[in-house]
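Asks: One structure follows; several queries about it will come next.
The values are calculated or read from the model by the stated rules, or taken from the named source; none is laboratory data. No experiment lies behind these values; they were computed from the predicted model shown. Cβ placement follows ideal geometry from the backbone for every residue including glycine, while neighbour counts extend to all protein chains displayed. The area values use the complete protein model at the heavy-atom level, side chains included, leaving out ligands, DNA and RNA. Shrake-Rupley method; radii C 1.70, N 1.55, O 1.52, S 1.80 Å.
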Amino acid sequence: MDITASIEHDQIPEELRRESSVLNLCVFCGARPGSAETLSLAREVGHLIGLEGHRLVYGAGGSGLMGELAWAAFRAGAEITGVVPRFLYERERGLSAPPQNSAITDTMFERKQIMIDRSDAFVALPGGYGTMDEVLEVVSLKYLNACEKPLILLDDDNFWEPFEAVDKALRQRGFVDDRACRGFEIAHSAREALDLVAALAPLADRAVQETRS
């Protein structure tokens, strides 16, 4: 069962908001910059990941939101793993990305698999087709009970509202079981996103252990 049922930020115990184990936190986001506000949000997420001692897993880029996120995490002391398919690595190697452990894959499919397998939780910032693909991959796995890890969509200027509308329409039209949890949470600030991760990731790990026992 997916444990990431809807949870309000003010329902998270204070001790869980601020005290968490070190997590491998995967961030999905765009290689293009978007707005100035979104760039600032990416920097804040990266800074908090490093400040709280987490490790960043991301798509290895040095441009757009990915670059801002990664440099902020690096400057705040985070260990970084960048996962990138070979064809993108060859195309973008000249772009300035921070020092990181690189995992170079043969395909985009393998890239997603490694990012999902190596992470304890996911945060999605705004992005393009690649970001949508990664988010839908995790949502699909969670719907099929093949992944318990939490996914937090970090909303910026109501970016994820259309995504929520699609989820609602799929349920209303009978293509998704309306009894199933939707597989993602919405956060409206970087702080709220990291607090949700801190609260939900241990529950997901506990659920996996109980399934195996």
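Asks: Take residue 134 and decide whether it is of a type outside the set (Val, Ile, Thr), touching a helix residue (DSSP H, G or I) at 6+ places or on another chain (Cβ under 7 Å) and either over 19 Å from residue 202 (Cα atoms) or open to solvent by 30 Å² or more (accessible area, probe 1.4 Å) (or both). Walk me through how you get there before you give the answer.
Replies: Working: of a type outside the set (Val, Ile, Thr): yes; touching a helix residue (DSSP H, G or I) at 6+ places or on another chain (Cβ under 7 Å): yes; either over 19 Å from residue 202 (Cα atoms) or open to solvent by 30 Å² or more (accessible area, probe 1.4 Å) (or both): yes.
Yes: the conditions hold for residue 134.
Asks: In contact with a strand residue (DSSP E or B) (Cβ under 6 Å, 6 or more places away or on another chain) and at pLDDT 95 or above, is that true of residue 27? Don't jump to the end; show me each part of the working.
Replies: Values: in contact with a strand residue (DSSP E or B) (Cβ under 6 Å, 6 or more places away or on another chain): yes; at pLDDT 95 or above: yes.
Taking the combined requirement at face value, the residue satisfies it.
Asks: Just name the residue that is nearest to the chain's Cα centre (by Cα) out of those in the stretch 49-60 that are surrounded by fewer than 22 Cβ atoms within 10 Å (Cβ to Cβ) and at negative phi.
Replies: Taking the candidates together, the pick is 55.
Asks: Out of the residues in the stretch 167-199 that are assigned to a loop (DSSP other than H, G, I, E, B) and over 18 Å from residue 123 (Cα atoms), state the one that is most open to solvent (accessible area, probe 1.4 Å).
Replies: Taking the candidates together, the pick is 179.
Asks: I'd like to know if the stretch 93-100 contains one or more residues that are more than 22 Å from residue 132 (Cβ to Cβ), outside any helix (DSSP H, G or I), modelled with pLDDT of 95 or more and open to solvent by 10 Å² or more (accessible area, probe 1.4 Å).
Replies: No; the residues of the stretch 93-100 include none that is more than 22 Å from residue 132 (Cβ to Cβ), outside any helix (DSSP H, G or I), modelled with pLDDT of 95 or more and open to solvent by 10 Å² or more (accessible area, probe 1.4 Å).
Asks: Quick check on my filter: what residues within the stretch 25-57 are touching a helix residue (DSSP H, G or I) at 6+ places or on another chain (Cβ under 7 Å) and in a strand (DSSP E or B)?
Replies: Scanning the stretch 25-57 gives 25, 26, 27, 28, 56, 57.
Asks: Within the bounds of the stretch 113-122, is there any residue that is open to solvent by less than 20 Å² (accessible area, probe 1.4 Å) and of a type in the set (Val, Ile, Thr)?
Replies: Yes, the stretch 113-122 has at least one match.
Asks: Another question, if that's okay. Taking only the stretch 58-92 into account, find how many residues are free of Cβ contacts under 8 Å to residues at least 60 places away in the same chain, under 26 Å from residue 196 (Cβ atoms) and either aromatic (Phe, Trp, Tyr) or in a helix (DSSP H, G or I) (or both).
Replies: Qualifying residue count for the region: 12.
Asks: Has the stretch 61-75 got at least one residue that is farther than 28 Å from residue 157 by Cβ and buried (at least 20 other Cβ atoms within 10 Å of the Cβ)?
Replies: Checked the stretch 61-75: no residue is farther than 28 Å from residue 157 by Cβ and buried (at least 20 other Cβ atoms within 10 Å of the Cβ).
Asks: Output the residues belonging to the stretch 137-165 that are part of a helix (DSSP H, G or I), surrounded by 14 or more Cβ atoms within 10 Å (Cβ to Cβ) and free of Cβ contacts under 8 Å to residues at least 60 places away in the same chain. Give the derivation first.
Replies: Our first condition is that a residue be part of a helix (DSSP H, G or I); within the stretch 137-165, this holds for 137-143, 161-165.
Keeping just the survivors that are surrounded by 14 or more Cβ atoms within 10 Å (Cβ to Cβ) gives 137-139, 141-143, 163-164.
Residues satisfying the conditions are 137, 138, 139, 141, 163, 164.
Asks: Pick from the stretch 76-92 the residues that are touching a Phe, Trp or Tyr at 6+ places or on another chain (Cβ under 8 Å) and of a type in the set (Val, Ile, Thr): which of them is surrounded by the fewest Cβ atoms within 10 Å (Cβ to Cβ)?
Replies: Here the residue is 81.
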